[in-house]
1. Any residue that is away from ligand 2 (no atom under 16 Å from the Cβ), part of a loop (DSSP other than H, G, I, E, B) and surrounded by 22 or more Cβ atoms within 10 Å (Cβ to Cβ) - is there at least one of those in the range 589-609?
2. Out of all the residues in the range 301-321, which are under 14 Å from Leu438 (Cβ atoms) and either within 8 Å of ligand 1 (Cβ to nearest atom) or not assigned by TED's automatic domain parsing to the domain that holds Phe354 (or both)?
3. Of these, Ile150, Ile207, Ile223, Ile188, which one is crowded, with 18+ Cβ neighbours inside 10 Å and assigned by TED's automatic domain parsing to the domain that holds Asn40?
4. Being modelled with pLDDT of 90 or more and within 16 Å of ligand 2 (Cβ to nearest atom) is the filter; apply it to the range 556-588 and report the residue that is surrounded by the fewest Cβ atoms within 10 Å (Cβ to Cβ).
5. Any idea which of Leu43, Leu38 is in contact with a helix residue (DSSP H, G or I) (Cβ under 6 Å, 6 or more places away or on another chain), in contact (Cβ under 8 Å) with a residue 60 or more places away in the chain and either more than 28 Å from Ala136 (Cβ to Cβ) or not small (Gly, Ala, Ser) (or both)?
6. Considering the range 310-332 alone, what residues qualify as being away from ligand 2 (no atom under 16 Å from the Cβ) and buried (at least 21 other Cβ atoms within 10 Å of the Cβ)?
7. For Thr353, are the conditions met, namely being of a type in the set (Val, Ile, Thr), away from ligand 1 (no atom under 11 Å from the Cβ) and more than 28 Å from the chain's Cα centre (by Cα)?
8. When the range 568-623 is examined, which residues are found to be within 16 Å of ligand 1 (Cβ to nearest atom), farther than 19 Å from Tyr521 by Cα and β-branched (Val, Ile, Thr)?
Amino acid sequence: MITSLLSSYLSFKFAQVSHLLETKIEFLKGVGPRRAALFNKELQVYTFEDLLNVFPFRYVDKSQIHKINDVRDETIYYQLVGTISNMQVHGSPRATRITATFTDVSGSIELCWFRGLKWIKNQFRPGVKYILFGKASVFNNKLNFIHPDIEEYNPQDVVIGESLQGVYNTTEVMKNNGLGTKQLAKLIKTLVTQIYNVVPEILPDEILQKERLISRSRAYYQIHLPANSTEIQQAVRRLKYEEHFFFQLRLFHNKKRREQQSRGSVFSKVGTLFNLFYDKYLPFPLTNAQKRVIREIHADMKSGHQMNRLLQGDVGSGKTIVALLVMLLALDNDFQAAFMAPTEILAMQHYQTFKELLKDMPITFALLTGSTKTSERKSIYNDLAEGTLQIVIGTHAIIEDKVVFKNLALTIIDEQHRFGVAQRARFWDKTAIPPHTLVMTATPIPRTLAMTQYGDLDVSVIDELPPGRKPIQTKHFYHEDRLKILAFMRKQIALKRQIYVVYPLIKESEKLDLINLQEGYESLLRDFPEPQYRICVVHGQMKAEDKEFEMQRFVKGQAHIMLATTVIEVGVNVPNASVMLIEHANRFGLSQLHQLRGRVGRGAEQSYCILITDRKMTSDGKKRMATMVRSNDGFEIAEVDLEIRGPGDTQGTRQSGQIDMRIGNLIQDETIITAVRKDVLQLLEKDPMLLQPEHYNTKQHFEKIFRQQFDWSRIG
Ligand code: ADP
Ligand code: MG
């Protein structure tokens, strides 16, 4: 009773205050409807709260006023007080430049504008004192100020002690409409001083104390109007913490919801098929890491909850056999299993591998891809629906609506980076009880990302390669080193090894890339003439059966060289291939390069990866080459890749680019994220539904920003 009274009182108070924060930006003093429209459109700022969350990207020190004849350095900021005269418009008939003279007691200096001229022209009045802030630059051997910040001088504005001023990003359109950094700073100052002491706290008290965080209102004040750099740091830490806190709260919440919601099929038996295969047909002893992950996966499948697990293992670590064994577990419990690969070639390869491994097993399985013939396709659909087909291996073709299973209980998705979260979910609709899902990836997920992007998945790691592998040697060459490389290739072929030569294929310029590939083919033919040498070619535009035919020539050792585009990037397994030569290597991303390199080094022979580029490269390109040469460690490579590209979107709709955070940074904030996760877990242990009154604001804020109820009890 008391609790509910208190909670309704709090809810009243919260509603009142949040109402103020949600005031339309139009009603801030100095904004009005016209500027509000600009705020909406240019900065996606609609409310007071949105504006509070526009943070300075740097700060400048304005505690000193300089004299014009002190100005000599081009790197530091100067603050001057003086008058503006002699304004001239240059260029006719359309103005292209405006100049003016700025004068104080010590001398004068030229000012210059190139943009927003219409506005500048009518800005300044003679005789009025202005305060100028900016960096000088040299023009015609003279120092001048280009686009300095200028406003009317008011001695009270220069306050020693409140010396750091935030600089804000605006847009060109805003600047041209009188909403430059300066004006923005002024509006934010108005807002902060007006409402900072009514900003409600949304983090639980115990967390504020434990993490020694300043209050939310204090943080907004200090980030916009700091007295010194310590205040900035305090504010940044608090606001970062807050952002990560709600992000993690959502991950845990969704995970919990999923667990409540989704019963999973129970695989209680380890039966005949698994044991038969394990004892009689397993081609090699499993590594300890492989055994461990099979145990982890099996534990999930017995639990009664739907499994959502990420299986991480560097290229060549042996994920395929794990997948196969896990599928046998499903079959032993009278369920069906599906295995999905990102490309047709890869699906075919897996099908071949399974066919070989399962040839003496009493199991039905089939390959289903976009190019499966209609009659065959019909019988696959039929057999899946009847349950007579136990395993289907394929591409996206297996998630089409037409595919219906009798009792699918396990889906395995290989090389997950090609599939989004949304596609994962499509399997869920295929049976009453959502199937267990195992996502396999060779791209190791850096720790911070695993905690965020994959925070809702459980993770298993194969951290051990099968015995007897030699590390691949990687070298970077320029085009002019080609003769040396050709000699090396001939030597390897003489040793009976096989070679991949890979060209980039990027969608926007497919035609051009095919020409590249064609030219590459012709020059390879000149250097490696038939019949002494044989070259096969595989690229994405070929018909599936031609692709398969060419692949098989290479797999069987009938071709010495396979010329290909990135269609071979993932999964292809030819242990006798010992050289991976990558043309225009700088056009590939790091994880792609690492994947490609993973195609060699699968046998006992020493293998090589040769990267060829122009001398001219971007600094990112150079960094990628250096990383590849230096490291064979997929984990390290993923870290660098993340640094260069930024993490992908959690929803899986974007492959690259930062997750949209206001101030948090998934790469840099590892320490904070670790603390946040611990705190969130503790909080939810104590108050899983956030029902206690002291967590009321936290819950409200969650529901507001995610437009989602913080509740999982009523589902399932
Ligand atoms: P990935 O994890 O990249 O998918 P694969 O499953 O294709 O790796 O395995 C790479 C190679 O290693 C294959 O030729 C496979 O037969 C072999 N392999 C897998 N596990 C073992 C093991 N425990 N001992 C020896 N070889 C293994
Ligand atoms: Mg694989």
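The values are calculated or read from the model by the stated rules, or taken from the named source; none is laboratory data. Nothing here was measured: the structure is a model prediction, and the numbers come from that model. With ideal geometry, Cβ positions are generated from the backbone for all residues, glycine too; neighbour counts draw on all protein chains shown.
1. yes
2. Across the range 301-321, the qualifying residues are Gly313, Lys319, Thr320, Ile321.
3. After applying the criteria, what remains is Ile188.
4. Filtering the range 556-588 for residues that are modelled with pLDDT of 90 or more and within 16 Å of ligand 2 (Cβ to nearest atom), the one surrounded by the fewest Cβ atoms within 10 Å (Cβ to Cβ) comes out as Met580.
5. Leu38
6. Listed by number, the residues that qualify are Leu328, Leu329, Ala330, Leu331.
7. No.
8. Val570, Val572, Val574, Val600
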